[in-house]
Every structure is written in structure tokens, then in C-alpha cells.
Amino acid sequence: MRRYRILAVDPGTRAVGVAVLELGRGLEPEVVHHGAITTPRSATVPERLRVIYEGLESVLERARPDVVVVEDIFYGKNVRSALRIGEGRGVALLAAARAGVDVVEYPPAVIKQAVTGNGRASKAQVARMVCRVLELDESQVESPDAADALAIAFCHAGRARQRLLAAANPNRKRTGPAGSLQALIDRVDEGSHRKRARQGRQSKRTERKGRAAMTRTRNSVLLESHLEGVKLIGRGKVRDLYDLGEHLLVVASDRLSAFDVVLPTGIPDKGRVLTRLSVFWFETLGVPNHLVTADVKEMPRELHRFADQLEGRAMLVRRLKIVPVECVVRGYLAGS
């Protein structure tokens, strides 16, 4: 597969950020060039636009990109600034058209979402994150305009990568609207609602029998824990949390989720595996932590009657003060 080059332009009239990324072997983005085209402070607007146009012509000739990516127009509170940026965009579009290169545009929020996971991220957050995902030292990026251009290029690189993968595998079965991710999620969600309705009816019957009210399982899969008389704080995508006063009880279920959808079926013993992993690392690292015990026999006596649900999948932990920390993880989903 030949290399695919992206030239990104962050438009303006005082300075224009430019960045060139290349998708080569493995289709991972590689930084070829980044910088800014600056104009003299004393220059008039027409003179600045000429300097920018000539600078972009030079970059286009040297980089020979497959596509030019420009930030889409936005509606700013400062009308004058928005007009000036619009003039810079026009010059960039003209230069690309004269060079015969296709142009793609992305709104600012889409670019921020692609880089940081937050469509309302600040310029500083975008600059830090794009340096991390492209493995650049922040000191290497000479200006905010260059950082913005790198973000624009990275945004398009993710989308271009998928198209290039599809082109490299033309015999791969195509999926229409019915096979799209959203359609899949909708079907799973609908099935989940039906499953919960059936389970609700079954739960009422089992409660009358006085038995399976504590668990809702299928083929040894624990989808939800039910500890009668113990205060339930809430259920996450996988774990159930109970209030024991000065302690909390964390029960890892076998639930399986895709994005924010909890699937109607689970994986046998998934919760036990997750709990063993947690206990292993708590013990191996030997650093202070919140774990009290994962042995049901060492837990309060009131929990012993729920041993069939808790064995191997529950942890008694101390209450800790919550410190809110936001973490953005950038990854790629590849393959079929």
C-alpha cells in the first residue's frame, strides 16, 4: 500500500499553521513536517494574504499531499476575527484548488473530539494531547498554530485510515445501514429491554418460591447480585456496590457491555477473573490500598448466607475520599 499524505492547514491572516502527516506501513500516522507561515506585523491584509498564499504554494509543492484538510468555518463572538479567519481559509482553499488537491473540512468540535475525546477542550488541552498521541515533545512544536494544524491532520488521519483499510480489502463483506454500529447497538438495546422484561417476570415467580430472588443467572452466569437486607448503592456496567457502613462491598458480575450498552448475556466467571486480577495486583505491588479482604469467610457474618453469589467475586473495601481525575486514553480499533 502506497503512503498517504495529509496536509493540514490552520487558517488565519497573521499566522497559518501547517502540518504534514503520512500514513505508511501499518497506517500509523507519522509526522513529516509542522510549522507556521507567519506574516509581517506591519503588512496590510492583502499583503499578508499574498505571503500566506505563496507559503502554502511552497508547502504544497514540497509535500505533494493526497489531501488538504482545513478547519471548517465557525461562528465566533468576535465577528471581525471570524472574517479574518474566513479570508485565510479562502486562501488555503484557493491554493489547494490551484494545486489540484482535494480538500476536506472538519468543524472545530469534531477535531477536538478526535484528539482529546472532548469536543469542548481548550487549545492547551488539544496541544498537549496531540503531542502525546503523535509522540512529539511539546517543545518541538514551535507555535499554537502548528499544534492546531497537527490536530486537524490527526483528525483526518483516523478517518482516512479506515477508508484505506477498506480499500486494501475489497473482498471484505460490506455492511449497509442494517449492519452499522449504531444499528447493532439499537438491536442489542432492544434485545436487552426484552431480556430485562422476561427476567423481571421470572424474578417475581422465584420470589414467591423463596429461592432464586438472590441471583439472576443463566447457565452459571451472574448478571446481577441480590443481597437481601444489604443496602445497594448502585450497579455499574460490571460491578454492584453495597453500603456496609464504614466499608463497601464490591461484587463483580459477569455482565458484558459494548460502549454504554449492557448486553443481555454474560461471560461465565468473568467477575471472578476480574476480582482475582485485582487481588493479585494489590498483593503484588504491596502499596497501601483500600482492600480489606476478598475472602467471604472474613467478611461480616451477615454476608455469609450469600456465599454462593460472593465467593471469588466480591471484595470488602474501606471507604475512601473520591478524587475526581479525568483520563483520556487514545487507542485504535483495527481488524474485522
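Taking amide H as placed 1.01 Å from N in the peptide plane, His34 has its amide H under 5 Å from the amide H of Val20, each at least 5 places away in sequence or on another chain. Couplings 3J(HN,Hα) of segment 103-113, computed from phi: 10, 10, 10, 10, x, x, 5, 5, 5, 4, 4 Hz, in residue order, whole Hz [Karplus 6.51 cos²θ - 1.76 cosθ + 1.60, θ = phi - 60°; x for Gly and Pro]. Positive contributions from Lys and Arg (+1) and negative ones from Asp and Glu (-1), summed over other residues with Cβ under 9 Å from the Cβ of Gly312, come out at +1.
What's the local net charge at Leu256, with K and R +1, D and E -1, over the other residues with C-beta under 11 Å away?
Numbers: positive: Lys237, Arg255, Lys270; negative: Asp254.
So the environment of Leu256 carries a net charge of +2.
For a quick check of your reading of the filter: which GluC sites (Glu not before Pro) in segment 268-317 sit in a DSSP loop and have no more than 14 other Cβ atoms within 10 Å? Loop-located and lightly packed - Glu311. Placing R0 at 35 angstrom, the Cβ-Cβ distance between Glu105 and Ala258 gives a FRET efficiency of 0.65 after rounding to 0.05.
Shown in residue order for segment 242-249 are the 3J(HN,Hα) couplings computed by the Karplus curve 6.51 cos²θ - 1.76 cosθ + 1.60 at θ = phi - 60°: 10, 9, 10, x, 6, 10, 10, 10 Hz (x for Gly and Pro).
Near the amide H of Gly312, within less than 5 Å, lie the amide hydrogens of Val296, all on another chain or at least 5 residues away, with H placed in the peptide plane.
With the cut-off at 23 Å, report for segment 1-115 the share of all Cα pairs above it, as a whole percent. Provide the component values of the computation, followed by the final result.
Working: 1895 of 6555 pairs.
Of all Cα-Cα distances in segment 1-115, 29 percent exceed 23 Å.
Please label the shape of segment 259-336 as rounded, prolate or oblate, based on the square roots a ≥ b ≥ c of the eigenvalues of the alpha-carbon gyration tensor (a/c under 1.5 means rounded; beyond that, a/b larger than b/c means prolate, else oblate). Numbers along the way, then the final one.
Working: a/c = 2.05, a/b = 1.34, b/c = 1.53.
Verdict is oblate for segment 259-336.
In percent, rounded to a whole number, the relative contact order of segment 1-111 is 30, using alpha-carbon pairs under 8 Å and six or more apart.
For segment 285-300, putting each phi into the Karplus relation 6.51 cos²θ - 1.76 cosθ + 1.60 with θ = phi - 60° gives couplings of 6, x, 9, x, 8, 8, 6, 9, 6, 10, 9, 4, 5, 8, 8, x Hz, in residue order, rounded to whole numbers and with x for Gly and Pro.
Any read-out appearing in this document is the output of simple, stated calculations on the displayed coordinates, not a laboratory observation. Keep in mind that what you see is a predicted model, and the values were worked out from it rather than measured. Every residue, glycine among them, receives a Cβ derived from its backbone with ideal geometry; neighbour counts consider all protein chains shown.
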